[in-house]
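Beneath this line is the structure, given in structure tokens, with notes to follow.
A short reminder: the numbers here are calculations on the coordinates, not readings from a lab. Keep in mind that what you see is a predicted model, and the values were worked out from it rather than measured. Virtual Cβ from ideal backbone geometry, glycine too; neighbours counted across all protein chains shown.
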Amino acid sequence: MDFRFSDDHQALLHTVREFCDRHVKPAAAQIDREARFPRELVDQMAQLGLMGIEVPAELGGAELDSVAYVLAMEEISAACASTGVIMSVNNSLVCDPLRKFGTAEQRATWLPPLATGDKLGCFMLSEPEAGSDAAAQRTLAVRDGDEYVINGVKNWITNGPQADVGVLLCMTDPGLGHRGITAFVVDMHAPGVTRAPKDDKLGIRGSHSCQIQFDDHRVPATQRLGDEGAGFKVAMATLDGGRIGIAAQALGIGRAAFEFARDYALERKTFGKRIIDHQAIAFMLADMDVELDAARLLTLRAASLKAAGQRHSRESAMAKLMAAEVANKVAKNAIQVLGGNGYVTEYPVERYYRDAKITEIYEGTSEIQRIVIAAALSRP
Ligand code: CAA
């Protein structure tokens, strides 16, 4: 096992850290306060190749691997978790399935604008009645000549208010259950697509999500992603990759909280000494350090398997479960270390606490990750 990063990975880390210090970190509190979509940061990330990290260079991407994606996601999310998830959806839930399941024509049409920032993507699986139970799709696609006609409602769609392109999952044959689900690539500006106002959220407030309604929306059959009935597997395989991104986002949030608490504990004095010299605080910080590293190793393992083209459902689920739970614990304890200062918006720690929560929910709740891990136990 080699724990060193390649020259490409180190160069990427250097570039992303510099970008975060200069542009992302200083903007994060205001993005959160105003629930503002950070368009200028998305454009800058695209210029750095961060919107299509694993997309081949000939299609406009950075042609790096999943480990590079994890490194970049952790850095961006440590600076601003909202900006992190905007990038993550575009990379792992839109570019990735196009790369993996798209026809040559679909790849050539959609990947260059997605990777270069001309277009932004969203992933439409969840519905009001189909969140954790992703196979319970009600949105219907009915074949009509060379097109499909789509009707239904999608919920909590991250990047939904801004997206130009969407990967859409819906039923083509409700009688077949999950084997009746089909994936499509859709133009979000075409007739029959209506976006509701953005959701008002606890955290990641700069990343907008909304409900999206399809009314007789027509999609050419050439924009079907994979075979009819293969959509559930497209969605699950896509989420195997996406969960690595959310694990990295959680790591970023947790690390930011840990570093802030550690620096604070080195300065703040009570009872005549630095609070880090009180064992109650020192042990909290030690646990944060260990647990973040453990989550990071799980995340990098999942990314390495993905980069090697091996199945990584279990490992992605483990990484996301661990990283999300650690991020939440670390952010909660970071507030405790800061005491009253942790609870006020003058310090960023309450934002980390609010931002961390979503990592236990989207791309599969922690309970769903346990289902995926447990299912692997009984697979030969
Ligand atoms: N890769 C490929 N195929 C897979 C797979 C995977 N990872 N996981 C399951 N499958 C296949 C199975 O092999 C099975 O195939 P057969 O038809 O050949 O038998 C089929 O899919 C059905 O599998 P299950 O019986 O396990 O399916 P299930 O209905 O019990 O559901 C589940 C499994 C894991 C609970 C799934 O429903 C799930 O992941 N739910 C959570 C949904 C989720 O994560 N949503 C996130 C929305 S996106 C989002 O959050 C984005 C954002 O905002 C940032």
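Quick look at the values:
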{"read-out": "Most to least packed among 164-173, 209-218 [average Cβ atoms within 10 Å]", "value": "164-173, 209-218"}
{"read-out": "Pair Ala35, Gln213: separation of 7 Å Cα→Cβ label points (nm)", "value": "2.0"}
{"read-out": "Rg/Rg_ref, segment 61-211, where Rg_ref = 2.2 N^0.38 Å and atoms are Cα", "value": "1.06"}
{"read-out": "Per residue convex hull volume, Cα atoms of segment 232-378, in Å³", "value": "105"}
{"read-out": "Fully extended contour minus Cα-Cα distance, from Ser132 to Asp277, at 0.36 nm per residue", "value": "47.8 nm"}
{"read-out": "FRET efficiency estimate (nearest 0.05) - Cβ-Cβ, Leu202 to Leu176, R0 45 angstrom", "value": "0.75"}
{"read-out": "Degrees separating the helix 66-79 axis from the principal Cα axis of the chain, which is the longest one", "value": "60"}
{"read-out": "Of Lys269/Lys320; Lys201/Lys273; Lys269/Lys332; Lys119/Lys329; Lys119/Lys320, those spanning more than 32 Å from alpha-carbon to alpha-carbon", "value": "Lys269/Lys320; Lys201/Lys273; Lys119/Lys329"}
{"read-out": "Helix 104-116 axis, angle to the chain major axis (alpha carbon atoms, nearest 10°)", "value": "30"}
{"read-out": "Convex hull of the chain built on C-alpha atoms - directionally averaged projected area, nm²", "value": "19.2"}
{"read-out": "Cα-Cα separations in segment 267-344 greater than 18 Å, expressed as whole percent", "value": "53"}
{"read-out": "Relative contact order (%) - criterion: Cα under 8 Å, at least six apart; region: the chain", "value": "16"}
{"read-out": "Dimensions in Å of segment 1-108 - Rg and Dmax from alpha carbons", "value": "14.3, 45"}
{"read-out": "Asp263 paired with Val142, simple spin-label distance in nm, labels 7 Å along Cα-to-beta-carbon", "value": "5.9"}
{"read-out": "For segment 154-256, Kirkwood radius (reciprocal of mean inverse C-alpha pair distance, Å)", "value": "15.3"}
{"read-out": "Sequence ranges 105-112, 314-321, 2-9, 351-358, ranked by mean other-Cβ count within 10 angstrom, highest first", "value": "314-321, 351-358, 105-112, 2-9"}
{"read-out": "Computed lengthening from Asp187 to Ala221, 0.36 nm per intervening residue step minus Cα-Cα distance", "value": "10.9 nm"}
{"read-out": "Rounded to 5, the percent of DSSP beta bridges in segment 101-194 classed as antiparallel", "value": "70"}
